[in-house]
Amino acid sequence: MTRSASTSSNDIYDRLRNARLSPAQRRIARYIVDHRDAAAFLTSESIAQQVGVSQPSVSRFATALGYARFSDFKRALQKWARLEMSTLAPETVDASPLDEAISAEIANLQWLGNSAGLGEQISRVGAAIMSSKPLPVVGLRVSRSFAEHFAYLGAKVHSEISVIDRGDTQAKEILARAHGQGATWCLFFILPRYPREACELVRDARKIGLKVAVLSDESFATVGHEADELITVRLASGLLFDTSAAVNIMSSALLHAMADSSPSSSQDGLERFERHALDLDVFEA
């Protein structure tokens with residue numbers, strides 16, 4: 001049954017995340033996500049030319065997302081673009097790059113707050129990864145710091161959490177060993193630019209029987225169909241390097257959900273850490 005044209009600002013994004021797309025269709029989807037403001041007003045022929053595919057491929061892409069006609073998809077895309085533009089803070093002539101980056105992050109967080117079903121997904125994934133013992137957390141290159149931060153805090157409520165920050169055969173061995181020790185899930189941080197090794201590790205983890213949760217940005221949703229759970233945020237690119245306030249919030253939300261799913265053991269872990277910190281005089285009074 002074909003769905004109606006658009007019911008919310010993130011309707012297209014939800015369809016992109018859930019659709020099974022061919023390689024050519026994933027290229028179209030990536031272009032749509034990265035250039036939605038412009039793509040919303042292009043013809044199917046123009047989109048095809050930009051992506052390097054045929055015009056019928058663009059029409060089939062719209063059908064794959066559940067739209068009866070390309071015109072239905074285009075109307076939904078225009079609504080998406082207009083709603084996003086309306087959430088952005090008005091720009092001023094004197095706005096500095098920092099001002100613009102802050103405004104962009106505010107818009108990203110507003111979008112995150114309006115994401116349908118996000119709270120339920122965070123609770124579900126948090127409980128799932130909390131139950132996995134051990135729990136490998138993977139982060140390569142720019143994503144390494146996010147994985148390390150998550151694991152550092154997560155160790156206070158999860159006794160068997162560890163970081164994989166490499167993408168070689170040894171990383172595959174570590175994943176296989178974790179699975180052999182009882183791991184059922186692993187968590188990946190995969191942020192732009194997406195390391196090929198990280199994507200290969202996702203496939204390898206699933207091949208050996210691990211379920212995979214990925215925290216990434218929304219562009220990765222077009223190629224992240226191999227994950228069992230894909231949590232997506234938006235990054236801002238107004239400064240020299242991307243800013244990622246939403247990643248930090250989602251990371252903390254996952255940790256909170258983990259603790260909520262097992263309150264007794266989490267409380268024990270937090271109290272144990274506080275005792276150790278006091279005994280070792282870790283913090284200034």
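The values are calculated or read from the model by the stated rules, or taken from the named source; none is laboratory data. All figures in this text were calculated on a predicted structure; none of them were measured in a lab. We place every Cβ from the backbone using ideal geometry, glycine too, and count neighbours over all the protein chains shown. Side chains are part of the model used for accessible areas, which takes the heavy atoms of the whole protein and leaves out ligands, DNA and RNA. Shrake-Rupley method; radii C 1.70, N 1.55, O 1.52, S 1.80 Å.
For MET258, the conditions (1) open to solvent by 80 Å² or more (accessible area, probe 1.4 Å); (2) under 23 Å from PRO134 (Cβ atoms) are fulfilled apart from (1). Taking (1) at pLDDT 85 or above; (2) loosely packed, with under 14 Cβ neighbours inside 10 Å; (3) aromatic (Phe, Trp, Tyr) in turn, TYR67 satisfies each apart from (2). Where strands (runs of 3 or more DSSP E) fall wholly inside region 176-285, the ranges with 3 or more residues that are of a type in the set (A, V, I, L, M, F, W, C) and modelled with pLDDT under 95 are 229-233. Just wondering, is there one or more residues in region 76-89 that are of a type in the set (Ser, Thr, Tyr), at pLDDT below 80 and out of contact with any Cys (no Cβ under 9 Å at 6 or more places or on another chain)? Yes, because at least one residue in region 76-89 is of a type in the set (Ser, Thr, Tyr), at pLDDT below 80 and out of contact with any Cys (no Cβ under 9 Å at 6 or more places or on another chain). The residues listed here are ILE231, ILE249; of these, the one that is farther than 16 Å from ARG193 by Cα and surrounded by fewer than 19 Cβ atoms within 10 Å (Cβ to Cβ) is ILE249. All of (1) part of a loop (DSSP other than H, G, I, E, B); (2) more than 28 Å from ALA107 (Cβ to Cβ) hold for LEU42 with one exception: (2).
Out of the residues in region 100-154 meeting the condition of being out of contact with any strand residue (DSSP E or B) (no Cβ under 6 Å at 6 or more places or on another chain) and in a loop (DSSP other than H, G, I, E, B), tell me which one is surrounded by the fewest Cβ atoms within 10 Å (Cβ to Cβ). Out of the qualifying residues, it is GLY117.
Output yes when any residue across region 183-200 is open to solvent by less than 40 Å² (accessible area, probe 1.4 Å), free of Cβ contacts under 8 Å to residues at least 40 places away in the same chain and either in contact with a Lys or Arg (Cβ under 6 Å, 6 or more places away or on another chain) or in the same structural domain as LEU255 (by the TED database) (or both), and no when none is. Yes, region 183-200 contains at least one residue that is open to solvent by less than 40 Å² (accessible area, probe 1.4 Å), free of Cβ contacts under 8 Å to residues at least 40 places away in the same chain and either in contact with a Lys or Arg (Cβ under 6 Å, 6 or more places away or on another chain) or in the same structural domain as LEU255 (by the TED database) (or both).
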